[in-house]
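These notes are about the structure you will find just below.
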Amino acid sequence: MKIDQTRLNNPGRRSLLKGAAAVGISFSVPPSLLAADGKLNFYNWDTYIGEDTISQFESSSGVSVQYDLYADNDELFAKLKGGNPGYDLIVPTNDYIERMLLADMLLPLDHSKISNIGNVGSAFMNPSFDPGRKYSLPYMWGTIGLGYRKSAVEELTSWNDVLASDKYAGRIALMGDAQTNFQMALKAMGKSLNDWSDENIAAAEAMLLAQKANVAAFAADNGQDLLLAGEVDIAMEWNGDILQAMEEDDDIGYLVPTEGGLLWEDALCIPKGAKNIDNAHAMIDHILDAKVGAEIAEFIFYATPNEASREHLADDYLNNPAIFPDQATIEASEVSLFPGQEVTRKLDDAWTRIKAAG
Amino acid sequence: MDNWRRSPLTFAFFSLPTLGWLFIFFLFPLAIVWQYSFGENTSIVDVEFTGTLNNYARIFQPEILVLLWRTLWMSTISTVICLSVGYLVAMVIASASPRAKPWLLLLIMLPFWTNLLIRTYSLLNILGTRGRLNQALQWIWESTHSLLQLVGLEGLMAASYKPLTFLGTPFGVVFGLVYIMLPFSVLPIYAALERIDKSCLEASLDLGAGQVRTFFKVLVPMTMGGLITAAIITFVPTLGQFLTPDLLGRGQVDMIANVIERQFKKANDWPFGSALSLFLLYITFILLAIKSIHDVRQSRRVV
């Protein structure tokens with residue numbers, strides 16, 4: 001596939017904006033000012049849409065789109081938590097969809113208004129977090145695994161190689177958040193990444209605490225940059241972020257360890273309080289179009305759940321194991337469920353203890 | 001308007017915008033945070049304000065105290081370095097020719113023209129294992145080695161340079177904090193230096209005190225007000241930094257603000273986050289109180 005130059009110059013959907021949010025810069029106009037007929041306030045991840053997806057929709061529907069960006073699910077959740085400031089369409093990840101459903105923050109979708117719904121692969125139509133797809137339709141999916149520098153890494157098959165071994169001491173970047181690291185520690189121990197028993201949490205904490213000295217960085221979502229710069233040789237990351245690094249450097253590879261990794265899915269949802277519900281449905285329909293879906297997938301390099309898009313996509317996208325893992329990997333991997341507020345609290349306390357350790 | 005007591009109405013009128021600003025953008029949000037700090041999470045999105053002191057009690061967990069202590073000493077070291085370097089820089093500017101002064105001050109302000117995030121990313125580029133600093137050190141190492149080789153003494157040092165690790169260490173974080181805060185410490189010290197009567201220094205030198213003694217016994221006491229201001233505006237924002245530990249500390253040297261940030265995002269525990277932020281604020285207030293006590297004493301002495 002021809003690599004798109006503009007994409008190479010963009011930071012990944014999960015990288016630079018997060019830092020920007022960290023220093024308190026806001027790129028967005030309050031969407032409430034713009035809510036009216038013929039409008040759509042679309043709130044999506046950074047660098048996570050096709051080049052012409054929005055403009056095509058605007059010219060075909062006459063709706064003008066206010067397109068805002070967020071850097072992570074927590075930012076999205078924090079914005080909507082105190083009441084929807086005016087967004088009509090959002091793209092949260094599966095466990096946050098679960099969380100938002102628990103908090104009654106999403107509106108049901110009217111499937112009759114989405115004629116392209118049949119394009120979605122049947123495997124995606126009945127997920128545990130939203131049975132029957134009443135509230136969400138899949139946008140992109142992927143895995144969390146390990147990006148690595150081929151020339152510097154000899155044998156790398158298990159999570160234990162990076163979480164319970166000094167084989168790559170000082171050359172490993174883990175994720176910056178508690179939950180993902182704990183989940184991969186659970187996988188390393190051969191357990192389900194959704195099994196949050198107290199013993200499991202304690203065992204995972206001990207594993208990460210012992211490994212802290214061998215870890216070069218708990219990367220605030222810039223593991224792929226550290227990998228590219230040669231600061232580390234292995235980085236736990238989202239597959240799309242590593243794919244981007246792979247485009248820039250042939251010496252970088254991606255794998256999901258044999259114990260399996262985390263499967264994630266971002267899905268299109270309409271938050272409660274949305275004012276332009278019909279336009280949001282129209283946009284979902286537009287995105288699920290076979291051709292449009294293919295254009296987005298080709299541009300952002302994540303795996304599309306759109307079956308009809310496949311015929312518009314090149315073989316080296318469809319056969320890329322870093323985008324579409326093999327069946328055995330998918331079977332070993334798991335979708336993360338929302339662990340609940342109490343477990344989140346426990347994980348954060350454990351994380352603070354790991355961070356405070358000298 | 002020489003004294004506000006003589007024209008209180010005028011004074012009140014002109015201070016309204018400031019007070020309004022302070023109320024809307026500081027006191028009012030602060031009151032909300034204060035309320036949250038006595039709240040309890042009842043669901044994913046709801047917080048009930050029960051008046052519990054639990055959130056404050058949780059500050060005294062050992063790991064939080066460890067992080068608070070780390071924050072305090074790293075901020076203190078950064079502040080001391082900022083003040084020492086800042087004093088020298090301020091002295092150079094204050095003694096420069098009137099034509100050069102504005103340009104030197106401009107150089108101090110120049111970094112503010114670039115966004116903090118960009119500057120931090122560029123520091124990553126400098127301090128990395130393969131960064132510019134290590135490249136420079138490697139060059140020096142290798143040139144020294146080849147020089148020694150010429151005189152047959154190459155056995156004194158290893159042939160290959162082992163890169164130093166700056167990032168992910170307290171050094172890297174303190175370096176970043178000093179880099180960010182230095183301009184803030186130069187300006188108040190410079191302002192204090194500009195105000196002093198130079199003849200006092202001459203008198204001290206004429207009467208037999210050496211340069212060093214004049215510096216510590218005359219110059220420093222005369223600029224103490226500026227030094228304390230500089231110390232506070234360097235120290236207080238340093239307490240709340242989380243970007244620097246995140247990026248330059250690589251998540252290995254977290255400070256307390258990293259914990260606070262997590263409470264409002266990942267951990268979704270606003271009450272605890274509020275209690276922690278207020279705790280930092282109390283520390284700040286204590287510092288400000290010390291400063292104003294000093295100011296009062298100072299003005300009494302002058303009168």
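FYI, it's all coordinate maths here, none of it is from the lab. All values reported here derive from a predicted model rather than from experimental measurement. In this analysis, Cβ positions are derived from the backbone assuming ideal geometry, glycine residues included, and neighbour counts consider all displayed protein chains.
Helix A:290-300 versus the longest principal axis of chain A: what angle, 0 to 90°, nearest 10, using Cα atoms?
Roughly 40 degrees between the two axes.
Classify the stretch B:62-168 as rounded, prolate or oblate, taking a ≥ b ≥ c as the square roots of the eigenvalues of its Cα gyration tensor: rounded when a/c is under 1.5, otherwise prolate if a/b is larger than b/c and oblate if not.
Oblate.
Considering every residue in B:255-262, what mean count of other chain Cβ atoms within 10 Å of its Cβ is obtained?
What the average comes to for B:255-262 is 3.
Within chain B, which whole H helices from DSSP have a Cα span along their axis of at least 18 Å and a mean Kyte-Doolittle hydropathy of 1.0 or more, if any?
B:8-22, B:62-94, B:170-195, B:224-239
How tilted is helix A:341-356 with respect to the longest principal axis of chain A? Cα atoms for both, answer in degrees (0 to 90, nearest 10).
Helix A:341-356 and the main axis of chain A meet at about 50 degrees.
Can you give the direction-averaged projected area of the convex hull of the alpha-carbon atoms in the stretch B:204-253, in nm²?
The directionally averaged projection comes out at 5.0 nm².
What longest range of chain A stays clear of loop-exposed GluC sites (Glu not before Pro) (DSSP non-H/G/I/E/B, at most 12 other C-beta within 10 angstrom)?
Result for the longest clean stretch: A:156-358.
Exposure proxy check: A:Asp130, B:Asp295 ranked by fewest other beta carbons within 10 Å?
Result, fewest neighbours first: B:Asp295, A:Asp130.
Residue by residue through A:65-74, how many Cβ atoms from other chains fall within 10 Å of the Cβ on average?
Counting other chains' Cβ atoms within 10 Å and averaging over A:65-74 gives 1.
Within the set B:Lys266/B:Lys291; A:Lys291/B:Lys266; A:Lys167/A:Lys191; A:Lys346/B:Lys291; A:Lys187/A:Lys291, which residue pairs have Cα atoms separated by over 32 Å?
B:Lys266/B:Lys291; A:Lys291/B:Lys266; A:Lys346/B:Lys291; A:Lys187/A:Lys291
Return the lysines within reach of A:Lys39: Cα separation strictly under 17 angstrom, same-chain partners fewer than 8 residues apart disregarded; answer none if there are no such residues.
In chain and number order, the partners are A:Lys272, A:Lys275.
As a footprinting exposure proxy, order B:Cys200, A:Cys269 by other Cβ within 10 Å, with the fewest listed first.
With the fewest neighbours first, B:Cys200, A:Cys269 line up as B:Cys200, A:Cys269.
If you plug each phi of the stretch A:121-129 into the Karplus form 6.51 cos²θ - 1.76 cosθ + 1.60 with θ = phi - 60°, what whole-Hz ³J(HN,Hα) values come out, in order, with x for Gly and Pro?
Coupling constants for the stretch A:121-129: x, 5, 4, 9, 8, 9, x, 5, 7 Hz.
Counting DSSP beta bridges with both partners in the protein assembly as shown, what percentage is antiparallel, nearest 5?
Looking only at bridges with both residues in the protein assembly as shown, the antiparallel portion is about 60 percent.
For the protein assembly as shown, compute Rg over Rh where Rg is the Cα radius of gyration and Rh is the Kirkwood radius from the inverse mean 1/r over Cα pairs.
Taking Rg over the Kirkwood Rh, I get 1.02.
Please identify the trypsin sites (Lys or Arg not before Pro) of the stretch B:1-92 that satisfy two criteria: DSSP loop assignment and at most 15 other Cβ atoms within 10 Å. Which are they?
B:Arg5, B:Arg6
For the stretch B:192-232, what does the alpha-carbon gyration tensor say about shape, rounded, prolate or oblate, given a ≥ b ≥ c as the root eigenvalues, a/c under 1.5 as rounded, and a/b over b/c as prolate?
Verdict is oblate for the stretch B:192-232.
Taking Cα atoms, how many degrees apart are the long axis of helix A:239-248 and the longest axis of chain A, rounded to 10 and kept between 0 and 90?
Long axis of A:239-248 versus the principal axis of chain A: about 80 degrees.
Can you work out D for chain A in µm² s⁻¹ from Stokes-Einstein, where Rh is the Kirkwood radius over C-alpha pairs, the temperature is 37 °C and the viscosity is 0.692 mPa s?
The diffusion coefficient I find is 157 µm²/s.
If you take the square roots of the eigenvalues of the alpha-carbon gyration tensor of the stretch A:221-271 and sort them as a ≥ b ≥ c, do you get rounded (a/c under 1.5), prolate (a/b over b/c) or oblate?
Prolate, because a/c is 1.5 or more and a/b exceeds b/c.
Trypsin sites (Lys or Arg not before Pro) within the stretch B:159-239: which are DSSP loop residues with at most 13 other Cβ atoms inside 10 Å?
none
Under the definition of Cα pairs under 8 Å and six or more residues apart, what whole-number percent is the relative contact order of chain B?
Once divided by the residue count of chain B, the mean separation gives 25 percent.
What trypsin sites (Lys or Arg not before Pro) in the stretch B:229-303 are in a loop by DSSP, with at most 12 other Cβ atoms within 10 Å of the Cβ?
none
When the convex hull of the C-alpha atoms of the stretch B:158-303 is computed, what volume per residue in Å³ does it have?
Each residue corresponds to 157 Å³ of Cα convex hull volume.
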